[in-house]
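J.: Input: one structure, supplied below.
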Amino acid sequence: MEQGVTLEGKRILLIIGGGIAAYKSLDLIRRLRERGASVRVVLTAAGKQFVTPLSVASLTGNPVHEDLFCLTEETEMGHIELSRSADLLVVAPATADLLAKAAAGIANDLASTILLATDKKVLMAPAMNVRMWDHPATVRNVAQLREDGLLFVGPSDGEMACGEYGPGRMSEPMEILASIAGALQPTSQVLAGRRVIVTSGPTHEPIDPVRYIANRSSGRQGHAIAAAAAQAGAHVTLVTGPVSISDPVGVSVVRVETAKEMLAAVKASLPADIFIGAAAVADWGFEKPAAGKIKKEKGSGPPTLALVENPDILAEVSRPGESRPALVVGFAAETGNLIDHARTKLQRKGCDLIVANDVGPGTGVMGGPKNTVHLISSDQQEAWPLLDKGEVARRLIQRFAGMLGK
Ligand SMILES: Cc1cc2nc3c(=O)[nH]c(=O)nc-3n(C[C@H](O)[C@H](O)[C@H](O)COP(=O)(O)O)c2cc1C
């Protein structure tokens, strides 16, 4: 979340469903109001079991809406008016039940009727037990809602109130806030109708079923680029290695583990107008990871691990041919001789542009919120100042759109 972000004058209609994570929505209300947004809340009957109307009303400074058949409100068609007078609808926690109703178009209480009656953007922040999230019915409902254009933030991995671990935890209020800010941002649609593939995060190269080689990439820069491309109107496929950050709003996400899987996912996602290889793909992996855990045998010493070269995704995508995107952008993460290495990489891979960043110790770039990048093409070299990764992403997208237009 960028510091100093303002939501001045924005009107948020927050639907609070019946999950333990409802308590986080109280914090979300506070943070929204701190940034100048006004918040009206619809509390479902189940939501009321977790947070009280009194807390919600005190925090929003507005009456809480609970009942579809409320005589005073429905003389003015309250369910329509609530949606009409909002800039954005946010459902947090979005329970399995609310997702199912929204996906099926069921309208049997105030929350679900508003979701069916609205023409505003809707941001869902799901929260549920990992088995509920993984259930084929929920998977189907989420896919349907994404297809219908609803936005999602989270869920993230973590320990849940039910004591289980996995995806299903509602995103933290600050993450939801960042997605709200993103959803509300007026964007120039410089990539409207374009197809963009972004790779992000590290890859994990398994040694055996319990060990792997990885790197420190967090996926923050790649995910921010995918989000910025989506906000600019592109159809975005994000192919991501294992990361612990939330999916960006409005993009199709393909999760992979190894470099080989990443290459296969990228190929399956082609054709595209732009390919942006921001992932920190492992250069080497293992031909055949051990089938069982490698045991520490007494007296036999450490095992010898023989690495083999991984496929070169950037070089493969850059190769001339029908499926080559019009613009292929690679990233170079270096700890020294940044510009020289980036120039060599540009020539070796055959891509159109390299975004080079210094990831040396002490820079805080890998895993951190900020980045200093250099843009290297065959006829240009440009150094950008230290910027928030979100800002780097937005500026890159503007630049790529310009290059595509030439
Ligand atoms: C203690 C408790 C915790 C619950 N937590 C969740 C949850 O996190 N996510 C969820 O989808 N359902 C959860 N449920 C089930 C929902 O409350 C139930 O499906 C309810 O009908 C959802 O109503 P809604 O559509 O108003 O959200 C929980 C139920 C209980 C009793």
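The values are calculated or read from the model by the stated rules, or taken from the named source; none is laboratory data. These numbers were taken from a predicted model, which means no experiment stands behind them. Neighbour counts are summed over all protein chains in view; Cβ atoms, including those assigned to glycine, are modelled from backbone coordinates with ideal geometry.
J.: How many residues are assigned to a loop (DSSP other than H, G, I, E, B) and aromatic (Phe, Trp, Tyr) if we restrict to region 284-300?
T.: 1
J.: Which of (1) in contact with a Phe, Trp or Tyr (Cβ under 8 Å, 6 or more places away or on another chain); (2) of a type in the set (A, V, I, L, M); (3) surrounded by 15 or more Cβ atoms within 10 Å (Cβ to Cβ) does Val308 not meet, given it meets every other one?
T.: (3)
Here is a yes/no grid of residues against (1) at pLDDT below 95; (2) within 25 Å of the chain's Cα centre (by Cα):
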{"residue": "Met77", "(1), (2)": "yes, no"}
{"residue": "Ala86", "(1), (2)": "yes, yes"}
{"residue": "Thr95", "(1), (2)": "no, yes"}
{"residue": "Lys120", "(1), (2)": "yes, yes"}
{"residue": "Trp133", "(1), (2)": "yes, yes"}
{"residue": "Ala137", "(1), (2)": "no, yes"}
{"residue": "Asn141", "(1), (2)": "yes, yes"}
{"residue": "Asp148", "(1), (2)": "yes, yes"}
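J.: Between residues in region 42-60 that are among the basic types (Lys, Arg) and residues that are more than 9 Å from the ligand (Cβ to nearest atom), which pairs lie under 9 Å by C-beta distance while being six or more apart or on different chains?
T.: Lys48/Val64; Lys48/Glu66
J.: In addition: Exactly one of (1) at positive phi; (2) free of Cβ contacts under 8 Å to residues at least 40 places away in the same chain is unmet by Gly154. Its number?
T.: (2)
J.: Continuing with the same structure: Tell me yes or no: at least one residue of region 293-310 is within 17 Å of Phe275 (Cα to Cα) and under 30 Å from the mean Cα position of the chain (by Cα).
T.: No, that holds for no residue.
J.: Could I ask something else about it? In region 18-44, what count of residues is obtained for those that are of a type in the set (A, V, I, L, M) and either assigned to a loop (DSSP other than H, G, I, E, B) or within 8 Å of the ligand (Cβ to nearest atom) (or both)?
T.: Residues flagged as of a type in the set (A, V, I, L, M) and either assigned to a loop (DSSP other than H, G, I, E, B) or within 8 Å of the ligand (Cβ to nearest atom) (or both) within region 18-44 amount to 3.
J.: Please pick out the residue among Lys293, Lys349 that is in contact (Cβ under 8 Å) with a residue 40 or more places away in the chain, among the basic types (Lys, Arg) and either in contact with a strand residue (DSSP E or B) (Cβ under 8 Å, 6 or more places away or on another chain) or not assigned by TED's automatic domain parsing to the domain that holds Arg399 (or both).
T.: None of the others qualify; the one that does is Lys293.
J.: Could you list all residues from region 80-136 that are of a type in the set (Ser, Thr, Tyr) and touching a helix residue (DSSP H, G or I) at 6+ places or on another chain (Cβ under 9 Å)?
T.: Ser83, Thr95, Ser112, Thr113, Thr118
J.: Also, I was wondering about something else. Return the residue satisfying two criteria in turn: it lies in region 137-157 and is within 13 Å of the ligand (Cβ to nearest atom) and not in a loop (DSSP other than H, G, I, E, B), and of such residues it is farthest from Ala181 (Cα to Cα).
T.: Looking at residues that are within 13 Å of the ligand (Cβ to nearest atom) and not in a loop (DSSP other than H, G, I, E, B), I get Ala137.
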